[in-house]
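Let me begin by presenting the structure, written as structure tokens, before commenting on it.
The values are calculated or read from the model by the stated rules, or taken from the named source; none is laboratory data. If you're wondering where the values come from, they're calculated on a predicted model, not measured in any experiment. Note: ideal-geometry Cβ built from the backbone for every residue, glycine included; neighbour counts use all protein chains shown.
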Amino acid sequence: EKDIKKAFHKLSMVYHPDKIKKGEQTEETNEIFLRIARAYTVLSSPHLREAYDDFKKNGVPWEKRYYGRWAHYYGAPSHDLKTVVFATVVIITAVHFLLKYQRYHRLVAYVKTKEIYKKRAAKLKVEKNLDENDTIDVEFSGLKHPSWRDLLPIAIAIGIWRFVSYWTWYIVWIKILRHPYDAEAELLKKLNMTKEEYEAAKARYMEKAAKFKTSAKAKKARRMMRRYKQGLPLR
């Protein structure tokens, strides 16, 4: 640092505008002094000198090379691209989670107005020996409270992991090892039912579906769908 300061003072005595005679002062001498001053500013600051040494060794980083050009062109703040990407991801994640949270509470408020919810809540209160004025939450399939797994980056990572694990299993187990995949056996295993129980349940379901097709509710639903397609009011 002493050598840098000594060299700066030595050159300043030669090129400083106050040290040059009026007739000898030109734009070139002024430009030389400005370069000397800038060089001294960079070399005397540890932070700027470290950045300068990194620039000499590695050149301009690609994110600053491209983003900095567009930031300068459009007048945007020339922040580091990594900072901009990180801030954008955080904002999108927060907005996505808040919308999901709002949608969940809106659905819960809607479900609580239905008769089936009131019946289940009353049944649970009786089972747990609660008073009628006590509040109780009833869980419904497909209506899950948002958690940390619903954060957008984590949800994307889980989706990628499931995709990769499925295709890894499929290629290794089915294509390479040639193990047969019995879809019916896997379904019975998931349902925890025997084949006879599954066939009986399927027959009951088909019977209910056939009865529903001729019911008043089905006719009303078909009539509402026709009115909806025609752009008419549903009622």
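Of all residues in region 143-161, those satisfying the criterion of being in a loop (DSSP other than H, G, I, E, B) and surrounded by 11 or more Cβ atoms within 10 Å (Cβ to Cβ) are Lys144, His145, Pro146, Leu151. Against the criterion of being part of a helix (DSSP H, G or I) and loosely packed, with under 10 Cβ neighbours inside 10 Å, Ala94 does not qualify.
Let's see how each residue does on (1) part of a helix (DSSP H, G or I); (2) at pLDDT below 85; (3) not charged (D, E, K, R):
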position: Pro180; (1), (2), (3): no, yes, yes
position: Glu196; (1), (2), (3): yes, no, no
position: Glu199; (1), (2), (3): yes, no, no
position: Lys202; (1), (2), (3): yes, no, no
position: Tyr205; (1), (2), (3): yes, no, yes
position: Lys208; (1), (2), (3): yes, no, no
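What single numbered condition from (1) on the phi < 0 side of the Ramachandran plot; (2) out of contact with any helix residue (DSSP H, G or I) (no Cβ under 6 Å at 6 or more places or on another chain) fails to hold for Arg178? With (1) on the phi < 0 side of the Ramachandran plot; (2) out of contact with any helix residue (DSSP H, G or I) (no Cβ under 6 Å at 6 or more places or on another chain) applied to Arg178, the lone miss is (1).
If you go through region 137-146 one residue at a time, do you hit one that is out of contact with any strand residue (DSSP E or B) (no Cβ under 8 Å at 6 or more places or on another chain), closer than 27 Å to Ile92 by Cα and modelled with pLDDT under 75? Write out each step before concluding.
Within region 137-146, the subset out of contact with any strand residue (DSSP E or B) (no Cβ under 8 Å at 6 or more places or on another chain) is 137-146.
From the residues that got through so far, the ones that are closer than 27 Å to Ile92 by Cα too are 142-146.
If we keep only those that are modelled with pLDDT under 75 too, we end up with 142-143.
Yes, region 137-146 contains a residue that is out of contact with any strand residue (DSSP E or B) (no Cβ under 8 Å at 6 or more places or on another chain), closer than 27 Å to Ile92 by Cα and modelled with pLDDT under 75.
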